[in-house]
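The values are calculated or read from the model by the stated rules, or taken from the named source; none is laboratory data. Note that the structure is a prediction, hence the values are computed from the model and not measured. Quick reminder, even Gly has a Cβ in these numbers, built from the backbone with ideal geometry, and neighbours come from all protein chains shown.
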C-alpha cells in the first residue's frame, strides 16, 4: 500500500532563461534616433553620461523594456513537460522556451491537420468537427475536452493538462492567460453541446433557473456558505497518512463489495460470496464462501459471476444481479440468496403486464432499509423505467412507470429519452437518478412519475450517483470528475427545503467539481476513469457524512466533505468557471481497484478527535481496511 497527498510543483523561471530573452529589443538606430529626436545637443554636464550610455548600448545588454513587452509571435507561451512520474527524480523540464498555441476546428479524428490552419480557423469540412488545441508545432495536439483535465494557476499565469503526457503552459501576461482560459472554456462548451458559446446558448442548454451553472461567478452560493469551514487549528491534520489495518487475499476475481452495517460484510467474486466479519478497524475474513449454485464452496458448478449484490432483510438475504449475455448491462431477473442457509431460494423475473422486461440496476428503498428484517421491496432502474418491486407478490411489481414525465416528451413517448444510468435513495426514500446525458433528476418519496427537480448535465454521462442521508447533497460520478450538488433552497415562505420536496426556483447554487490534478490523472494508469463515488455511510437522522471516496485506476481518492463545501477553501481562489476542488488524499494500490467504500458510521474509531469509519478497498485479488488518522485529510 502507498499513500500520496495531492500536491502541485511550482514552475520557477529562476531555473530557465529570463522572460526578457523573448521580447523584441529596440534597434540601435531607433535608440539613437529617439535620443536625438528632441534636436537638442547634450550639455557639457551630461557628456560623460552620454558616452557611458553609448558604450552600454554597444554591448547590446538585454534589459527589460520599461514599456509593456511585445512578443515576437502571436499567442506566445512557454511549454513545459513533466517527466519522472512519481519517482524522486520527477520534475518539470522546458519543452519550448518560446512557442505559440492555437485553437483550430477540424473534422480530423486526432487533429492531425491542426498545423494546416491558423488560430481560430474552422476547416469547414464535411462531417462532425471539433475544436483542438495545438502547441509547439506537433508537440501537442489535443481535442478540447474534460479528458485534458485542465487545471488553472492564475497566480502563476499557468495551466496544466494531459495529452499523451503531462504538460504546462505559462503565459507572458495576465491578459494572455485570461484570454486562453476563456477561449478554452468556450470551445469546450461548443464541443460538448455543439453550439457556439454565448449567453443565449448557455441559457438554452442549462435553463433559465440555472443561471449559476451558465455563469458561476453570478451564482447564489449562500447555501454553500452555510457549511462550516474547518477550524484553522485542525488544518495541520491534513498531512497525516492513511493507515492500513488489514489486508487479505480475496481468492481472486472480485466483482463487487457489499458492506453490512451489522455483523458481516461480503465480497462477490468468481468463487462465490466471501463472508467477512465487521470489526472496529475494518473487515476480517471468516473463511466462509457461499457458492452461487446454492451450496457451500467445493461444488464445480459454473455460473456467471454477479456484478451487483444488494443486502436486504436485516442483511440476512442478498439479491444478486448477473450481466445479461452478449455483453449487455441489463438483465431480466435477480437471484435471492439466503445468507444463513447459503442457498439460492428464489430466481425472480422482471415482468410488466405479463411481458418480460429488463433492469440495469437495483437498490434499497431507503439508505437504511437493508437493516429492516421485514423489508420485501426494492427499487429497480432501466434505461427508461423507474419502478419498485415487491417479493411478496407473484408478479413482483408494486408501482411502475414507463418514464418520468419530462419537459420535452408527452403521451406514449414518455418511454423514450431519459437514458437512465444509475440511482440512489435517501433516508426517507426519495430517489436521485443520473442519466447518460449528464442530467440528474430528483423524485420525492411519494411519486416516481415526475421529477421535482432536474439538474442540467455538464456534458459528461453520469455513471454513478450517491446522496446524503438527509438528501441535502448529491454526488455524481463521471469519467473525468465528480460533481457535488447542493439541493437546499428557501421557498416563498422562508422555509429551507431540498429539491426532492419542491421546485427550487431560480436561486439554485452552482455545483462544485472534484477533480484529480493532471499529473495524478496521468499517474492513475490506463484505466483512469472515475467510478463509484460514495459519501461516508450514515443511517441516522442528525448525523452528517464526513468524507467522499472515489475510485480511479489504482487510486482510491478521498475528499473531506466540509472542506469541499467551504467557499473560502484555498482551492477555489482565482478560479474561472465552476469551482473545482483538488485537495484530496490518495491511497495507491498495486492493481486496479474494483471498489472503495466507507464502513457504516457505527464502526467509527472512538479514539479519534472526530472519528470516521474505516475505508474498505477491494482489488481483484485483495481486500484492505484503511483507517483515517484524523478528521482532516
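Those residues that are touching a helix residue (DSSP H, G or I) at 6+ places or on another chain (Cβ under 6 Å) and at pLDDT 90 or above, I need them from segment 575-612; list them, please.
Correct list: 578, 579, 581, 582, 583.
Yes or no, residue by residue, for (1) touching a residue at least 24 places away in the same chain (Cβ under 8 Å); (2) more than 16 Å from residue 421 (Cα to Cα):
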site: 312; (1), (2): yes, yes
site: 342; (1), (2): yes, yes
site: 347; (1), (2): no, yes
site: 353; (1), (2): no, yes
site: 360; (1), (2): yes, no
site: 367; (1), (2): yes, yes
site: 371; (1), (2): yes, yes
site: 377; (1), (2): no, yes
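Name the residues in segment 200-219 that are under 15 Å from residue 186 (Cβ atoms) and either in a loop (DSSP other than H, G, I, E, B) or touching a strand residue (DSSP E or B) at 6+ places or on another chain (Cβ under 6 Å) (or both), would you?
Passing the criteria: only 215.
Out of the residues in segment 562-574 meeting the condition of being in contact with a helix residue (DSSP H, G or I) (Cβ under 9 Å, 6 or more places away or on another chain) and not in a loop (DSSP other than H, G, I, E, B), tell me which one is nearest to residue 517 (Cα to Cα).
Filtering first and then ranking leaves 571.
What are the residues in segment 120-142 that are part of a strand (DSSP E or B) and in contact with a helix residue (DSSP H, G or I) (Cβ under 7 Å, 6 or more places away or on another chain), if any? Please lay out each step first, then the result.
Pass one, segment 120-142, residues part of a strand (DSSP E or B): 122, 130-135, 140-142.
Correct list: 130, 131, 132, 134, 141, 142.
Please determine, by comparing only the residues of segment 131-168 that are more than 23 Å from the chain's Cα centre (by Cα) and touching a residue at least 40 places away in the same chain (Cβ under 8 Å), which one is surrounded by the most Cβ atoms within 10 Å (Cβ to Cβ).
So, considering only residues that are more than 23 Å from the chain's Cα centre (by Cα) and touching a residue at least 40 places away in the same chain (Cβ under 8 Å), the one surrounded by the most Cβ atoms within 10 Å (Cβ to Cβ) is 140.
For residues that are part of a loop (DSSP other than H, G, I, E, B) and buried (at least 20 other Cβ atoms within 10 Å of the Cβ), tally how many sit in segment 453-469.
Residues flagged as part of a loop (DSSP other than H, G, I, E, B) and buried (at least 20 other Cβ atoms within 10 Å of the Cβ) within segment 453-469 amount to 6.
In segment 587-596, what residues are surrounded by 21 or more Cβ atoms within 10 Å (Cβ to Cβ) and either in contact with a strand residue (DSSP E or B) (Cβ under 6 Å, 6 or more places away or on another chain) or outside any loop (DSSP other than H, G, I, E, B) (or both)?
Once the filter is applied, which keeps residues that are surrounded by 21 or more Cβ atoms within 10 Å (Cβ to Cβ) and either in contact with a strand residue (DSSP E or B) (Cβ under 6 Å, 6 or more places away or on another chain) or outside any loop (DSSP other than H, G, I, E, B) (or both), segment 587-596 yields 587, 593, 594, 595, 596.
Just checking, does segment 342-360 include any residue being within 15 Å of residue 265 (Cα to Cα) and assigned by TED's automatic domain parsing to the domain that holds residue 432?
Yes, there is a match, as at least one residue in segment 342-360 is within 15 Å of residue 265 (Cα to Cα) and assigned by TED's automatic domain parsing to the domain that holds residue 432.
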